[in-house]
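The values are calculated or read from the model by the stated rules, or taken from the named source; none is laboratory data. Being a predicted model, the structure only gives us computed values, none of them experimental. Reconstructed Cβ throughout: ideal geometry from the backbone, glycine too, with neighbour counts over all protein chains shown. Heads up: the accessible areas ignore ligands, DNA and RNA and are worked out on the full protein's heavy atoms, side chains in. Shrake-Rupley method; radii C 1.70, N 1.55, O 1.52, S 1.80 Å.
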Amino acid sequence: MRNFVFYKPTKIIFGRDTIPQIGKETVVFGKKVLFVYGKGSIKKTGIYDQVMKSFQDAGITAIEHGGVKSNPVLSHVREGIKIAKENRVEAVAAVGGGSVIDSAKAIAAGAVVEHDVWKFFRTKKSIKKVLPLTCVLTLAASGSEMNGGMVVTNEETLQKFGIGNHLLQPLVSILDPSTTFTVGPDYTAYGAVDALSHILEFYFTTREPYTPVQDRLMEGLVINIMESCNRVMARPDDYNARADFMWCATLALNGLTAAGLGRVGFPMHLIEHSLSAIYDVPHGAGLSVVMPGWMTHQAHENPARFAQLAERVFYVKKADESKMAAYGIAELKAWFEKISCPTDLGALQIPEQDIPRIAENTQGLAKVWRLEEYTKDKVEAILRLCT
Ligand code: NZQ
Ligand code: ZN
């Protein structure tokens, strides 16, 4: 077990009819609040009205900054920072999925500095202060509601970069599973793939030889994400299934699974971010294409690890480790197809001849994430396994 610090200042308010608490939870940080949301789902679902009423009841003046797109872009974040500064907001409230929460985090960090916010993403500047952030989660996937991560795409340079800082953790996150009843089968499936990848990135990149506590935690979360997703697909308004799914997605990337694993990485995300940056594919759809290819490439390095997942999650019978690993990967890929996720570049309409360009695009983030072993050639070899 390696040394670790597990610091989670996010107050989670979980359950039905919790959204009306957002006003009183936010007003403690200030009465002038930047209200960040997406393209309109919250207006269709009635969440917008609930949130605005809660703000009014709490005496909050909400300055709206809607229009965050999925795979959020830097230009929209910069606009939000400008509005936040002009109105001298005291806090930021995000209502939406990971794209909205990440944009809000970037605005909260950029609103208190003079330099451009993109400098944080290129690690040219470090975050020392942020505006207080609260959120209402409406889509279970990214885990941004309870972590210090944020991902934004610089649409001019086609770079989708992510950074982490504990100051970026929302101070309060409201998770009402019934808000996700309106999430369609596509983004439900993408969310499941994303949450699974957050777990498997750590499961396969830790170099710790013996991690029984984290292994069983991660394996249990993988099993529950798949099972609750299957229940949601069968009955989209099954509250308990949506609740199990939502809480698993939050636990998948709030730091708990990584505690004690030592240095871990996000190589699958490294590659997926380039797919989303260049082709604007949904994050989870990019991952369902990249994961089986990356796992196949990696299994040769550590077949025992892949065989353990195959045995404990897919109940693959004991056999030669490489065979077990291959069975486990095939089972995961088959499940991706069962929930109608793409599993090759063609299904994303990405031509094979683009592979060198995609691999080139990963190199900037590989440096920022200190994943230099993922050279252009290695990434190309992995992408050729995703065709
Ligand atoms: O924009 P609106 O109208 O709200 O529509 C959204 C969007 O079109 C819609 N939606 C959200 N809640 C809904 C809903 N539709 C119906 N009912 C609801 N209740 O769903 C679409 C996707 O939303 P988005 O926020 O993009 O999805 P997700 O939560 O998967 O977030 C994806 C972003 O998270 C980043 C990804 O890179 C991507 O940019 N990630 C952030 C991480 C972090 N901060 O730690 C880690 C992740 O690995 C991930 O990289
Ligand atoms: Zn992700």
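Side notes on the structure shown:
- In terms of accessible area, using a 1.4 Å probe and ignoring ligands and nucleic acids, 187, 210 rank largest first as 210, 187.
- In the chain, taking the dipole from charged Cβ atoms about the Cα centre, the farthest positive-side position among 27, 136, 245 is held by 27.
- 16, 384, 207, ranked by accessible area, largest first (probe 1.4 Å): 207, 16, 384
- The Cα center of segment 17-40 and the Cα center of segment 207-243 differ in position by 30 Å.
- Selection from 202, 214, 229, by position along the positive dipole direction of segment 183-384 (Cβ): 214
- Listed residues 142, 197 arranged by accessible area, highest first, probe 1.4 Å: 142, 197
- Partners of residue 31 within straight-line reach, counting lysines whose Cα lies under 18 Å from its Cα and excluding those fewer than 8 residues away in the same chain: 53, 85.
- In this structure residue 287 has an accessible area near 0 Å², from a 1.4 Å probe over the protein heavy atoms.
- Computed per residue of the chain from DSSP H runs no shorter than four, each worth -39500 (n - 2.57), the mean residue ellipticity at 222 nm is -16000 deg cm²/dmol.
- Considering only 145, 114, 360, the mean-square fluctuation computed in a Gaussian network model of the chain, springs between alpha carbons under 10 angstrom, is largest for 114.
- Estimated FRET transfer efficiency when R0 is 25 angstrom, pair residue 319-residue 264 (beta carbons, to 0.05): 0.35
- Dipole in debye (nearest 20) - the chain, about Cα centre, beta carbon charges: Lys, Arg +1; Asp, Glu -1: 1020 debye
- Per-selection Rg to Rh, segment 183-384 - Cα, Kirkwood hydrodynamic radius: 0.95
- Linear extension gain, residue 208 paired with residue 363, 0.36 nm per residue minus alpha-carbon span: 53.2 nm
- When the alpha-carbon atoms of segment 1-157 are used, the pair Rg, Dmax equals 15.2, 48 angstrom.
- Remark: for residue pairs 160/376; 105/367; 8/119; 125/378, the C-alpha separation exceeds 19 Å in 105/367; 8/119; 125/378.
- Residue-level accessible surface for residue 75, protein heavy atoms, 1.4 Å, Å²: 50 Å²
- The Kirkwood radius of segment 114-180, taken over pairs of alpha-carbon atoms, gives through the Stokes-Einstein law at 20 °C and 1.002 mPa s a diffusion coefficient of 161 µm² s⁻¹.
- What separates the Cα centres of segment 99-128 and segment 298-334 is a distance of 40 Å.
- P(r) of the chain over all Cα-Cα pairs, binned every 20 Å from zero, in whole percent: 29, 59, 11, 0
- Those aspartates and glutamates that a straight Cα-Cα span of less than 14 Å connects to residue 32, excepting residues fewer than 8 apart in one chain: 57, 64, 86, 90
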